[in-house]
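Trainee: Structure below; questions to follow.
The values are calculated or read from the model by the stated rules, or taken from the named source; none is laboratory data. No experiment lies behind these values; they were computed from the predicted model shown. Positions of Cβ are generated from backbone atoms using ideal geometry, with glycine treated the same way; all protein chains shown enter the neighbour counts.
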Amino acid sequence: MQYRYSSQEKAVQLIKSNQRVFVHGSAATPTFLLSALAERKEELRNVEIVSISTFGPMPLTEPGCEKSFFINTFFVSHNVRETVNSSHGDYVPVFLSEIGQLFKRKILPLDVAIVHVSEPDTHGFCSLGVSVDIAKAAVDSAKTVIAQVNPRMPRTHGDGHIHFSKFDAAVYADQALHEINYKAKVSEHEKQIGTFIADLIEDRSTLQLGVGGIPDAVLSCLKNHKNLGVHTEMFSDGIIDLIESGSISNAYKKKHPGKVLTSFAAGTKKLYDFIDDNPLFTFQEAEYVNDSMVIRKNPNMVSINSCLEIDLTGQVCADSIGSFQYSGVGGQMDFMRGASLSTGGKPILALRSTTKIGESKIVPFLKPGAGVVTTRAHVHYVVTEFGVAYLYGKNLRQRAETLMAIAHPNHQESLDQAIFERFGRKLF
């Protein structure tokens, strides 16, 4: 079968002013096509760009693009953070599990979807590869689909297969995928947090892992565990060793037993090679993977997520620093709720006790303008490098005292004073 490819310049000519354009995210960010689109900044106006996190450079935010492209993101990554917090961008707070419905129900109708896919197989099907998440819904919903076809994109099993005939334009680009190495960023504090969390995880548990050094630190502490499963919105390189050692068998999951269920992956080339055409992994839409009713069906579901700060009653801010939009809601609430409803499940919130400049992340009150991503009614376990706090069933004062006990020692006295000022003298 012959496949017709066009130049990147011709492909992006399909995009017009005043349109809404979806951009494939994470390791699948189609930087090759985005660079060509940025070259049209003088002729385009008011093109709205929607995406989750994107990796690598973001040419659409460079000087001179302000009138051409408006970044309206569902998750703020570092390459768009400055723009999103300016008049040239904004942020849509929404659960990852619900973003696809914004496209399908035409709440945010898409004119164009730009995706990054594998080469077509013998039947003409390409794979969305490392990032099915909301990209499948975008392809199904957009009026026009432009594909960056890459022989280095892994072909993944699951629901991410798109026939080549679906593309209105396809550009061939043999380029390395975006990589991130979370293992290299694991600190001693995160290793201690990982040790505490590993002690909470029982054999036969099913794991959801958020993004960053803490999840990889947890995985490194699970080498002696048996028959673990994985049902997660994303994963990175840390999963490989546990699969190869046999600690992860997926044998006791209720949903997709024997397989790792996910919606996207982000890591190094080693990871991308590992998942390529590997039937152990099934990549599905985030709408399904992050559905709390699906998640809860796995017994002993363990959800591990992080945050920016938590107040003394357990309110969690995970997406902003005050009113400055830093990241996004993502799938934290999807999995925190799903794990809490699971038989034997454990929703775990993990964070370093202080920021890089030594400020406490456990605070009397969240910063003005901070967003509450996870409510205090949803929080069960909180873990820092100083220990584990179990909040479920505790009243406000008990929560405050339990959280103070795992705060950095340098801040415990001021937190104790804040507890006294809020709740008065302890009578019992």
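Trainee: Could you list, in sequence order, the residues of region 198-216 that are at pLDDT 90 or above and farther than 18 Å from V289 by Cβ? Quick ask: steps written out before the conclusion?
Mentor: Residues of region 198-216 at pLDDT 90 or above: 198-208.
Passing the criteria: A198, D199, L200, I201, E202, D203, R204.
Trainee: Which residue pairs have Cβ atoms closer than 8 Å, lie 6 or more positions apart in sequence or on different chains, and pair a first residue in region 289-317 that is in contact (Cβ under 8 Å) with a residue 24 or more places away in the chain and under 21 Å from R204 (Cβ atoms) with a second residue that is assigned to a strand (DSSP E or B) and among the charged types (D, E, K, R)?
Mentor: What qualifies is N300/K346; M301/K346; V302/K346; S303/K346.
Residues checked against (1) surrounded by fewer than 21 Cβ atoms within 10 Å (Cβ to Cβ); (2) of a type outside the set (D, E, K, R):
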position	(1), (2)
V94	yes, yes
H123	yes, yes
S127	no, yes
D159	yes, no
F167	no, yes
L177	no, yes
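Trainee: Is there any pair with a first residue in region 16-32 that is on the phi > 0 side of the Ramachandran plot and a second that is crowded, with 24+ Cβ neighbours inside 10 Å and of a type in the set (A, V, I, L, M, F, W, C) whose Cβ atoms are under 6 Å apart and which are 6 or more apart or on different chains, and what are they?
Mentor: What qualifies is S26/F264; S26/A266.
Trainee: A further question on this structure: Do we have P57 as touching a Leu at 6+ places or on another chain (Cβ under 9 Å), free of Cβ contacts under 8 Å to residues at least 40 places away in the same chain, surrounded by fewer than 17 Cβ atoms within 10 Å (Cβ to Cβ) and in a loop (DSSP other than H, G, I, E, B) here? Can you show your working first?
Mentor: Details: touching a Leu at 6+ places or on another chain (Cβ under 9 Å): yes; free of Cβ contacts under 8 Å to residues at least 40 places away in the same chain: yes; surrounded by fewer than 17 Cβ atoms within 10 Å (Cβ to Cβ): yes; in a loop (DSSP other than H, G, I, E, B): yes.
In short, yes.
Trainee: How about region 65-82: which of its residues are under 12 Å from S53 (Cα atoms), of a type in the set (S, T, Y) and either out of contact with any strand residue (DSSP E or B) (no Cβ under 9 Å at 6 or more places or on another chain) or part of a loop (DSSP other than H, G, I, E, B) (or both)?
Mentor: S77
Trainee: Output the residues belonging to region 203-224 that are surrounded by fewer than 20 Cβ atoms within 10 Å (Cβ to Cβ) and either touching a Lys or Arg at 6+ places or on another chain (Cβ under 9 Å) or among the hydroxyl-bearing types (S, T, Y) (or both). Quick ask: steps written out before the conclusion?
Mentor: Restricting attention to region 203-224, the residues satisfying the condition of being surrounded by fewer than 20 Cβ atoms within 10 Å (Cβ to Cβ) are 203-204, 212, 220-221, 223-224.
Scanning region 203-224 gives D203, R204, G212, S220, C221.
Trainee: Still on this structure: Say we look at region 145-182 and pick out the residues that are among the charged types (D, E, K, R) and in contact with a Leu (Cβ under 9 Å, 6 or more places away or on another chain); which of these is farthest from E9 (Cα to Cα)?
Mentor: Residues of region 145-182 among the charged types (D, E, K, R): 152, 155, 159, 166, 168, 174, 179.
Still in the running and in contact with a Leu (Cβ under 9 Å, 6 or more places away or on another chain): 152, 159, 168, 179.
Numbers: R152: 22, D159: 30, D168: 14, E179: 26 Å.
The extreme case among them is D159.
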